[in-house]
Amino acid sequence: MEQKLKHVDIPSSEITPESLYLSRRDWLKVMGIVSAGALLAACAPKLSGITATGSGSSPETQGAPVPDNAHGQTADEFGNPLNTFDEIANYNNYYEFSTAKDAVASLAADFKSTPWAVEVDGLVQNPRTWSLDELLRFEQKERVYRLRCVEAWSMVIPWTGFQLSDLLAEAAPMASAKYVEFTTLMDEEQMPGVGSRFYPWPYTEGLRLDEAMHRLTILATGLYGKPLPNQDGAPLRLVVPWKYGFKSIKAIVRIRLTEERPQTFWNTIAPDEYGFYSNVNPEVDHPRWSQATERRIGELSRRDTLMFNGYGGEVAGLYAGMDLSINY
Amino acid sequence: MRHFPWLRILVHIIGWLPLAKLIFDFAAHNLTVNPIQEIEQRLGRAALYFLAAALAITPVHTLTGWRSVLPRRRALGLYAFFYASLHFLTFAGLDYGFNLAQILDLVTTKPYIIAGTLAFSLLVPLAVTSFDYFIRRMKKNWKRLHRLVYPAGLIVIVHFVWARKGNLFQLQGDVLQPLLWGLLVVFLLILRIPAARKWVSGLRQSIMGRRRAQTHAEK
Ligand code: HEM
């Protein structure tokens, strides 16, 4: 009940003219691909047209601080327009359902995200289980964040959610707590992908405690002013905008504070490819592909990837003195 | 009637199918919200499928003794090359906007792109010399040259494995498809080893012999 009330607070119409973007961007996409075909035939040396706007020239370029509450914002702090709801809700890396990004939405359509409980335990003074309604009582904010996938595509997404630091403050970490471990629901009945023996289920992720306490780190409960769609990690997911998307774990059922660095899903699969930190970094390539550029969904040309995904002004300090090519 | 080239027509219909589906899905906005990557991946997979089909011709002949599959190999190989070329053009043009500096960097530093490029450069001379003219002129060397398709097939599998997020040796991650295609290609190559080939054709003859004996007995 409460969840509904909270979400009604923010009419989606105020967040962005979603339908407007859809038609304009769709059109651009079609035109772009058609003209690219023409260019292909003409062997033009370089695609022109819609290129990186506002990303600046140097990867260190950082925008203004991210507003605490992005109510009514139609672009990120660089002026990059939001991706449409349809784009965000139909292109999902969510291997619990499928490895095909466009297949997740339908497979997750019947996922049961209420009632929901999140256990917060480990090295905390106040371990306890939180219901979703209780979590929605934390101050819900809108944050427009870029999401940069390790596969080199990206989106701009208007999340609704609350700062993880608010929840952690209630849990009261002990002095010995150094890390936070997150775990996704593992329900073979609802999640067909979990049957695959090729993955170390359940999905787990982790942050250093200071990263978890950072103001930009949120637990998202909605997007575009609506409750979070199942395929985007309903009812509750992490969003850490300066890290590759796989760090932003979905459908969280457990948050545990630890002294040791937690085992994480992709890091277990291929430690040399997916580091614990996995900060967006155009200078440290994935061993197999380049991270220097990315494709913004809806755009034709690649754009330069920004250090810390453009959030360096606020987060670079967390890594002062660390060699980021070793701690990738 | 005996000469109606149905197998040949079938190969050409199947040959254009992936492209037709791509165009259809493009028109229907069915290429995900990241259409360039979807196009690139689909074309790569189509190239692999036809390459595997071309590699399957000899084993199928050994296994079944069906001679009319043999002349279909050339078209299958050329469709593989056709889709590989479109795949490469998509990579260079649509994906990287013909940015030569960036493409050159990827082609020389990224193992999976190196593998793809290597496989493609092995396929180029095969496609170029696929005409009757070269078959006649090159004689024995033609056969020798066209054995390059074996390493090309294996390298494509490496390319496929490395293009996905996973670790084949630990069997972890997105490895199932590359694994199955890899096993198929390796199997098709093994069936060419003279001993395996002899064993298979021996098997066929004994089955055929038994069947003949049976029909005799029934009569
Ligand atoms: C000119 C050399 C080549 C280049 C630069 C190249 C490039 C690429 C790239 C960039 C991808 C990854 C696409 C993505 O996931 O975003 C890819 C995937 C792939 N390529 Fe290639 N490729 C080349 C040659 C080939 C050849 C010759 C074949 C087959 C005959 C092939 C088959 C594949 C397959 C099967 C995939 C995986 C598609 C998937 O993930 O489903 N490639 N290639």
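Values quoted throughout were computed directly from the atomic coordinates according to the rules given, and no laboratory measurement underlies them. Here the structure is a predicted model, which means the values were calculated and not measured. Virtual Cβ from ideal backbone geometry, glycine too; neighbours counted across all protein chains shown.
The coefficient of translational diffusion for the range A:103-154, derived via Stokes-Einstein from the alpha carbon Kirkwood radius under 37 °C and 0.692 mPa s, stands at 222 µm²/s. Note on chain B: GNM, Cα springs under 10 Å; of B:Leu191, B:Leu203, B:Leu168, the largest mean-square fluctuation is that of B:Leu203.
For A:Val284, B:Val156, which order do you get if you count the other beta carbons within 10 Å of each Cβ and list the fewest first? The fewest-first ordering by Cβ neighbours comes to A:Val284, B:Val156. Per-residue shielding of B:170-176, expressed as the average number of other chain Cβ atoms within 10 Å of the residue Cβ, stands at 6.
Gain on full extension, evaluated as 0.36 nm per residue between B:Val107 and B:Gln205 minus their Cα-Cα distance, stands at 30.5 nm. Per-residue Karplus couplings for the range A:150-162, computed as 6.51 cos²θ - 1.76 cosθ + 1.60 with θ equal to phi - 60°, are listed in order as 5, 7, 6, 10, 8, 9, 10, 10, x, 7, 10, x, 10 Hz, Gly and Pro entered as x. Shown for the range A:111-245 is the translational diffusion coefficient from the Stokes-Einstein equation, using the Kirkwood radius over Cα pairs, a temperature of 37 °C and a viscosity of 0.692 mPa s: 207 µm²/s.
Relative contact order (percent) for the range B:6-218, with alpha-carbon contacts under 8 angstrom and 6 or more residues of separation?
Relative CO of the range B:6-218 lands at 19 percent.
Leaving out same-chain residues fewer than 8 places away, which aspartates and glutamates sit with a Cα under 14 Å from that of B:Lys143? Correct list for B:Lys143: B:Asp132.
Can you tell which of B:Tyr96, B:Ala196, B:Ile207 lies farthest toward the positive end of the dipole of the range B:6-218, using +1 and -1 charges on the Cβ of basic and acidic side chains (Lys, Arg; Asp, Glu)? Selected residue: B:Ile207.
Compactness of the range B:6-218 was expressed as the Cα radius of gyration divided by 2.2 N^0.38 Å, which yields 1.17.
Over the range A:127-190, the reciprocal of the mean inverse Cα-Cα separation, the Kirkwood hydrodynamic radius, stands at 14.9 Å.
Suppose R0 equals 51 Å; then what is the FRET efficiency for B:Leu19 and A:Asp121 from their Cβ-Cβ distance, rounded to the nearest 0.05? If you can, show how the numbers build up before the last one.
On the way: r = 55 Å, r/R0 = 1.08.
About 0.40, to the nearest 0.05.
Mean partner shielding of peptide A:285-294, defined as the number of other chain Cβ atoms within 10 Å of each residue Cβ, is 4.
What is the fewest-to-most order of A:Tyr328, A:Tyr319 by other Cβ atoms lying within 10 Å of their Cβ? If you can, show how the numbers build up before the last one.
Numbers: A:Tyr328 20, A:Tyr319 17.
Least to most surrounded, the residues fall as A:Tyr319, A:Tyr328.
Legend: residue pairs A:Lys112/B:Lys165; A:Lys101/A:Lys250; A:Lys101/A:Lys243; A:Lys112/A:Lys250; A:Lys112/A:Lys226; B:Lys110/B:Lys165, Cα-Cα distance threshold 18 Å; pairs beyond threshold, A:Lys112/B:Lys165; A:Lys101/A:Lys243. Here each label is just a point 7 Å from Cα along the line to Cβ, and for B:Trp142 and B:Val128 those points are 1.7 nm apart. One quarter of the surface of the convex hull around the alpha-carbon atoms of the protein assembly as shown equals 31.7 nm², the direction-averaged projected area.
For the range B:22-103, applying the loop criterion from DSSP together with a ceiling of 15 other beta carbons within 10 Å to the chymotrypsin sites (Phe, Trp or Tyr not before Pro) yields B:Trp66. Where a ≥ b ≥ c are the square roots of the eigenvalues of the C-alpha gyration tensor, would you call the range A:164-303 rounded, which needs a/c under 1.5, or, failing that, prolate if a/b is larger than b/c, or oblate? Rounded.
Less than 13 Å Cβ to Cβ from A:Ala169, Lys/Arg counted +1 and Asp/Glu -1: what total charge do the surrounding residues give? Let's see the in-between values first.
Numbers: positive: A:Arg215; negative: A:Glu139, A:Asp166, A:Glu170.
Taking every other residue near A:Ala169 into account, the sum is -2.
Need one number: the % of Cα-Cα pairs in the range B:1-80 sitting beyond the 14 Å mark. Let's see the in-between values first.
Values: 2130 of 3160 pairs.
Roughly 67 percent, rounded to a whole number.
Between B:Ala28 and B:Ala195, the modelled labels are 5.0 nm apart [label points 7 Å from Cα along Cα→Cβ]. Residue ranges A:95-101, A:206-212, B:147-153 sort as A:95-101, A:206-212, B:147-153 when ordered by packing (mean number of other C-beta atoms within 10 Å per residue, highest first).
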